[in-house]
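Accompanying notes for the structure given below.
Only the coordinates and a few stated rules stand behind these numbers; no lab work does. Not measured: the values here are computed from a predicted model. We place every Cβ from the backbone using ideal geometry, glycine too, and count neighbours over all the protein chains shown.
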Amino acid sequence: TETGTTTDTTAKYVVDEPSTRLEGAMGPVLGICWPHPFVVYACGFDRQVRMWDVKTGVNSLTLPGQAAATSISFGLGSNLIATGHTDKTVCLWDPRKKGKSVMKMRTGSSSHKGFVTDVSWCKHSSHKLASTSHDGTLKVWDARARDPLHTIKSHDGKGLCVDWWGPSMLATGGSDNRIAAHLVNFK
């Protein structure tokens, strides 16, 4: 049911039921992104990255992962998907290739030490990506390399979310009840 107002130039709508249901996930959905009008990507406990056609409701692509995926972000400039995982990794996927992940970011001493809770592509660069984790760090990555460009201790507790403002400003939110803003210098 839709209802509108006539006294305001902005229409207000109430929707009782979803207009589309996208079926196919085999566990809780933890991350979703909607980069194009008719394409939605999602990830979750079933370890899969899925692409749905919003018009038809068809799960048109499933990419297999190795651990539960906690977050997802689509890089419009690179056409790559980034996902954060419970095995402390960040993975990059090319939805045009139907196989495995394109690249798993470093898993050794330079990787996160806890669950990766959020990933975010920079809207001003096709190569910059940020991640945050239960280890309280913010990592800034160049998608063309496996090691992070920067590792910043941003929270006393767990890092929970991250977002970009412009080409070099980042904000993270954490379990320590703080938002931390970071200016990252790229040389």
Scoring only Lys, Arg, Asp and Glu (+1, +1, -1, -1) among other residues with Cβ under 12 Å from the Cβ of Phe115 yields 0
Too long for a 25 Å Cα-Cα cut-off, among Lys88/Lys128; Lys128/Lys153; Lys55/Lys139; Lys97/Lys158; Lys97/Lys128; Lys128/Lys158, are Lys55/Lys139; Lys97/Lys158
Once amide hydrogens are built 1.01 Å from N within the peptide plane, the residues lying 5 or more places from Lys88 or on another chain with amide H under 5 Å from its amide H are Val116
Highest mean packing first, using Cβ neighbours within 10 angstrom, the peptides 115-121, 128-134 sort as 128-134, 115-121
Listed by chain and number, the residues whose amide H is under 5 Å from that of Leu80, excluding neighbours fewer than 5 places away on the same chain and using placed H, are Gly75
